[in-house]
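Notes follow once the structure below has been shown.
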Amino acid sequence: MIPRICDAHCDTLFAIAIEGKAPEACTVTRERMARGGVSVQTFALFCGRKGPQGTPYRDALDMLAAVPQVGVPMITGALPDERPETPSGILSCEGGEMLEGSLARLDEFQQKVRLRMLALTWNFENEIGHPAKEGPKGGLKPFGFELLRAMDDYGILPDVSHLNEAGFWDVCERAALPPIASHSDCRWLCDVPRNLRKEQARAIIDRKGFIGVNFYGFFLKEDGVSALDDVVRHVDELCELGAEDVLGFGSDFDGIETWPEGLAHPGDFPALMDALARRGYGEALLDKLAGGNLWRVLKAAEAAARH
Ligand SMILES: [Zn+2]
């Protein structure tokens, strides 16, 4: 049985709309999703690449316009009870600068499509807060707190991947919805600012959020040379902390230039599930890791939405 995988992050829309890649040349394709048993792929509107000098709102619209090119239906209405049998997509935001400091913009995106998660920053400071890359200090800004309230109303999960530590703790304290880290690994195994410290992972576990293990070689291992076993190692460590109910995958495909040997695209997910099964993970837990946990938190956020 191929479990129904849910992947919390990829940059395929960016690759198509901004980098000009042909859809069939992308890492995430419908055919590979089908082959790998990927039920739901989260497609990010990645808007942070130039910080304040960029045109993030414009970029986000261009990425939305590219949605039909990925060839899988986006779920913009209510989520079905069960993970879909055939490849589908949902949308997220990576880099809240696309809102240009305006809640009206958030409303506009929610009217057009439904964002399920929103990464407050990418690697640059914005109107919302400060990125992990620029150090741990400096929490959310006033607009960041306003935005969290609005996201709670819409049922959009606050994604802390890329956010710095002070901002992370602000989200934990102020958001009603649980924090998620859509594509981050263990900092105690690979010491890069984009990965989570143990106390951050514990906070996500306590609040029943979500952690998506990132397949980027340099987040799995400091020398960037990684294999399936390195993904298993991060999964093991998080499970040891008690993350069985909040853990899954955030591949970062189409946003990374190095990945574990044997895990190059969505068609390789079964190899990862096999590696976890060999390690001793049972069927019920494998199903949660594959997609059950992400689906659970997405459904919870949708149920908590006020409009
Ligand atoms: Zn990212």
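The rows are residues; the columns are (1) surrounded by fewer than 22 Cβ atoms within 10 Å (Cβ to Cβ); (2) closer than 16 Å to CYS172 by Cβ; (3) away from the ligand (no atom under 15 Å from the Cβ).
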{"site": "TYR216", "(1), (2), (3)": "no, no, no"}
{"site": "LYS221", "(1), (2), (3)": "yes, no, yes"}
{"site": "VAL231", "(1), (2), (3)": "no, no, yes"}
{"site": "HIS234", "(1), (2), (3)": "no, no, yes"}
{"site": "SER251", "(1), (2), (3)": "no, no, no"}
Only one of (1) out of contact with any Asp or Glu (no Cβ under 6 Å at 6 or more places or on another chain); (2) away from the ligand (no atom under 14 Å from the Cβ); (3) at pLDDT 95 or above; (4) outside any strand (DSSP E or B) does not apply to MET1, and that is (3)
Of LEU118, LEU99, the only residue that is touching a helix residue (DSSP H, G or I) at 6+ places or on another chain (Cβ under 7 Å), away from the ligand (no atom under 16 Å from the Cβ) and of a type outside the set (Asp, Glu) is LEU99
Original post:
Out of all the residues in region 15-33, is one or more under 27 Å from GLY292 (Cα atoms), of a type in the set (S, T, N, Q) and either part of a loop (DSSP other than H, G, I, E, B) or touching a residue at least 12 places away in the same chain (Cβ under 8 Å) (or both)?
Top reply: yes
Within region 161-180, residues being within 16 Å of the ligand (Cβ to nearest atom) and either in contact (Cβ under 8 Å) with a residue 40 or more places away in the chain or in a loop (DSSP other than H, G, I, E, B) (or both) number 7
**Item:** Condition check for TRP259: over 17 Å from ARG30 (Cα atoms), of a type in the set (A, V, I, L, M, F, W, C) and touching a Lys or Arg at 6+ places or on another chain (Cβ under 9 Å)
**Value:** no
Check: Does any residue of region 297-306 turn out to be exposed (fewer than 15 other Cβ atoms within 10 Å of the Cβ) and touching a helix residue (DSSP H, G or I) at 6+ places or on another chain (Cβ under 9 Å)?
Finding: yes
Q.
Residues that are touching a residue at least 24 places away in the same chain (Cβ under 8 Å) and within 28 Å of ALA34 (Cβ to Cβ): does region 190-207 have at least one?
A. no
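The values are calculated or read from the model by the stated rules, or taken from the named source; none is laboratory data. A quick note: this is a predicted structure, and the numbers were derived from the prediction, not measured. Positions of Cβ are backbone-derived with ideal geometry, glycine not excepted, and every protein chain shown enters the neighbour counts.
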